[in-house]
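Please find one structure pasted underneath; my questions will follow.
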Amino acid sequence: VSQLPLREPTFLILTALAGGPQHGYGIMTDVAEISSGRVRLRAGTLYAALDRLTTEQLVELDREEIVDGRLRRYYRLTADGAQVLAAEAERQRVNAATAIRRLGLAGGQS
Amino acid sequence: MSGADELERNCRRLLAWYPAWHRQVHGEEMIGVLLAAAPDGQRRPGLVESLNIIWAAVLIRLRPRSAAEPAEGWRDALAVFSVVAPVALTCFVLVAYWTPRPTATASGIGILGLGLALPFVLLRLRRVAAYVSLLATALLVFICVYLTYTTGVGAEIFAFPLFAYAAETAALFGSPGPRRGLQILTWRAWTLTVVAAVAFAVAWLALRAVKIWYDTAHRPFGPVLEPRTLPLVAGAAAVTVLAVFVAGVAARSVLGRRVLLMFAVVMYASPINLLWPGYHSPVASAFLTYLPPLAAGAVALRAVSRSRRRAPDGSRPA
């Protein structure tokens, strides 16, 4: 997959959308939660990423709602987006497993 | 004004850093996100938030076209040209042909004829404006042919108004017209248009004056730069730099470049006639004046017909 490795904000946005369609502010709060408050997306970064991910067809528009007179646009992961996220997660898992094994931190190997 | 209203107004001001298409696509939802993420009582976006928006907006302006960015085909460029051309060329003529001279008056009055279509353009009446423009073009062709054969006036002096009429007519017939053009044009584009038209006109006046001085006063002995000519040359240079700067700003978008190209075709004849007047070699001058823009027109027609075939919604001009 040519997009790999993903930058952390991109990885977290795709992870947030893997749980189901979300609107912009929902993605921001979810990313903060997934990363335990370590990554706080700003609006500029979020919409630049969403714009790029839409162009790369990893994310697409799900639906639009008007809430309190304001437009809410929900985004969802595409099949390609899910594939890229799975590949990145597997890449990170293999790397993490290798690191853990070499550090002798894995259960039963100490 | 309440704190929330003030915050919203400041957020909108901040989003002006983004290109218009991005604001159109994401503007309202970004406002919603910025307001939702702001702490209670906040009246303006924080420094980090503001810098983040500005940085993201600059990057979006620099990167290649996004999928969300609307396509800017030749039809849109023609629609913009159909509105901008009569306004810009009327401004240009009012300034550049202020001093009555025989040839200047001919093409000046000629180009002012475009003003006839202007009210219909501004009223968004595409078809009426197109037929008025076509009628004006036909009349001008008749006058051009009649005067060329009866008085011996060089056909090339009518080139500027003729190209302007023909381009306006083509733009009105070949595009969705002023309704679409006015939708696309922003106040900044209008300011650029008027500033560019006046700047080009002033530069043109100065260049003409220098040329007349060169041709009449010093021909037998070659050019001698007199002190009274220096401010004129400096003024022409300064205004030309301004005009080039304005053109550079307009050229940042695909649509802007296409509109500039159409203006270049319309204006092409003027410097050619200035540098190579028809009295040296009428036939060569007529060919040099008319052939390249006609070839450009043929290429443009082909591009428009291809753009029409590719229109995704299959829509036709109203």
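How do B:Arg258, B:Arg127, A:Arg7 line up, fewest other C-beta atoms within 10 Å first?
Ordered by Cβ neighbours within 10 Å, fewest first: A:Arg7, B:Arg127, B:Arg258.
Please order B:Phe245, B:Phe200 by the number of other Cβ within 10 Å, starting at the fewest.
Ascending number of Cβ neighbours within 10 Å: B:Phe245, B:Phe200.
Expressed as an acute angle from 0 to 90° and rounded to the nearest 10, what is the orientation of the C-alpha long axis of helix A:79-103 relative to the principal long axis of chain A?
Between the helix axis and the principal axis of chain A, the angle is about 30 degrees.
Quick check on the exposure proxy: order B:Val266, B:Val299 from fewest to most C-beta atoms within 10 angstrom. Don't skip to the end; give the middle numbers.
Working: B:Val266 25, B:Val299 10.
Sorted ascending by nearby Cβ count, the order is B:Val299, B:Val266.
Then there's this: Which whole-number percentage describes the relative contact order of chain A, with Cα contacts under 8 Å and a sequence gap of 6 or more?
Details: 111 pairs, mean separation 31.5, N = 110.
Computed value for chain A: 29 percent relative contact order.
Follow-up. Starting from the alpha-carbon convex hull of the range A:1-108, give the projected area averaged over all orientations, in nm². Spell out each step's value before the answer.
Working: hull surface 32.5 nm².
Mean orientational projected area (the range A:1-108, Cα hull): 8.1 nm².
Each reported figure results from applying straightforward, stated rules to the coordinates on display, with no laboratory input. Everything numeric in this text was worked out from a predicted model, so none of it was measured. All Cβ positions, glycine included, derive from the backbone under ideal geometry; neighbour counts span all protein chains shown.
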